[in-house]
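The values are calculated or read from the model by the stated rules, or taken from the named source; none is laboratory data. If you're wondering where the values come from, they're calculated on a predicted model, not measured in any experiment. Backbone-built Cβ (ideal geometry, glycine too); neighbour counts: all protein chains shown.
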Amino acid sequence: MTMKNYDPAKTELFLDQAYSLSDLHDAMTFYDVWADDYDEQMEKRLGYIAPRVMAEKLAPFVSNKEAEILDVGCGTGLTSHYLKSAGFKTFDGVDITVAMLERAKARGIYRNLIEGDITKPIDLPSESYDALISSGTFTLGHVGSEPIFELARLLKPGGYFGCSIHQDIWSRLGFEDKFAALADKGEMKQIDITKGEFFVGYGDVARYFIFQKL
């Protein structure tokens, strides 16, 4: 994917390029380019609602407002922003793009921000978090199911994992099989799923999941 014709004002081009990322280099280049324009593009121009919806879905399951929460693929911090609005206080974030992490840092809501590739082992102790949340990371042209077992490792028993997954990659990229494997081993169960939109008017292609570690 070439970035030379990227124009933040061209919203449709922006979305097409976001969904056509083919490798890690493409993704890092793309997010570096539009980190400063991310919130404007996604929420105001494209009607991006996944961070708010995912936060609203997870919040009722996590009764302790002091819960330690890891925001997976945190980007500029939109998802944790909505959790903070719901009364939660303690967030760590992990993302691969430095420019996006800088935007997240500017929000002043994160305890720790970690630069890292979530498809590889994360340098954090097992059972570190009361909850994990991810919105927009598991979608077309982005991250596949590679991190699922590693993310399950980071969650405390009884903790919740809320994540949005694009319907077109749920089976094709192995999410269905990996969550089934965790369920078969008695490690995690699915307790809620809701169909919905990632972007207003773009169709119900999102699946908002809540899993619980046993």
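When L83 is tested against (1) in contact (Cβ under 8 Å) with a residue 12 or more places away in the chain; (2) surrounded by fewer than 24 Cβ atoms within 10 Å (Cβ to Cβ); (3) hydrophobic (A, V, I, L, M, F, W, C), exactly one condition is not met: (2).
Scanning the range 86-108 for residues that are over 16 Å from L151 (Cβ atoms), buried (at least 19 other Cβ atoms within 10 Å of the Cβ) and either aliphatic (A, V, I, L, M) or at pLDDT below 95 (or both) gives T97, M100, L101, R103, A104.
Counting the residues of the range 154-165 that are touching a Leu at 6+ places or on another chain (Cβ under 9 Å) and either surrounded by fewer than 21 Cβ atoms within 10 Å (Cβ to Cβ) or among the basic types (K, R) (or both) gives 2.
Looking at the range 57-106, which of its residues are in contact with a Ser or Thr (Cβ under 6 Å, 6 or more places away or on another chain) and of a type outside the set (F, W, Y)?
We begin by selecting, within the range 57-106, every residue in contact with a Ser or Thr (Cβ under 6 Å, 6 or more places away or on another chain); these are 68, 71-73, 79, 91, 100, 103-104.
Selection gives E68, D71, V72, G73, T79, M100, R103, A104.
Going through (1) of a type outside the set (D, E); (2) under 16 Å from Y208 (Cα atoms); (3) surrounded by 13 or more Cβ atoms within 10 Å (Cβ to Cβ) one by one, P60 falls short only on (3). Those helices (runs of 4 or more DSSP H) of the range 1-76 in which at least 1 residues are at pLDDT below 60, considering only elements entirely within it, cover 11-19, 24-34. I191 falls short on exactly one of the conditions (1) touching a Lys or Arg at 6+ places or on another chain (Cβ under 7 Å); (2) surrounded by fewer than 22 Cβ atoms within 10 Å (Cβ to Cβ); (3) under 17 Å from V62 (Cα atoms), and that condition is (1). Among the numbered conditions (1) under 24 Å from M42 (Cβ atoms); (2) in contact with a Pro (Cβ under 6 Å, 6 or more places away or on another chain), the only one that F199 does not meet is (2).
Can you pull out the strands (runs of 3 or more DSSP E) entirely within the range 144-214 that have at least 3 residues that are within 22 Å of P125 (Cα to Cα)?
155-166, 206-213
Residues that are not in a loop (DSSP other than H, G, I, E, B) and not aliphatic (A, V, I, L, M) were ranked within the range 114-139; the one that is surrounded by the most Cβ atoms within 10 Å (Cβ to Cβ) is S135.
Cβ-Cβ distances below 7 Å connect the following pairs, each with a first residue in the range 46-59 that is in contact (Cβ under 8 Å) with a residue 24 or more places away in the chain, a second residue that is assigned to a loop (DSSP other than H, G, I, E, B), and a separation of six or more residues or different chains: G47/V200; G47/G201; Y48/F198; I49/E197; I49/V200; A50/F198; A55/A86; A59/A86. Residue pairs whose Cβ atoms lie under 6 Å apart, sitting 6 or more positions apart in sequence or on different chains, and linking a residue in the range 136-152 that is over 16 Å from D71 (Cβ atoms) to a partner that is assigned to a loop (DSSP other than H, G, I, E, B) and modelled with pLDDT of 95 or more, are S145/G174. Taken as a whole, the structure places R111 among residues that are assigned by TED's automatic domain parsing to the domain that holds E197, at pLDDT 95 or above, part of a strand (DSSP E or B) and not small (G, A, S).
Do you know which of the residues in the range 140-149 that are surrounded by fewer than 19 Cβ atoms within 10 Å (Cβ to Cβ) and under 22 Å from F198 (Cα atoms) is modelled with the highest pLDDT? Applying the filter and picking the extreme gives E146.
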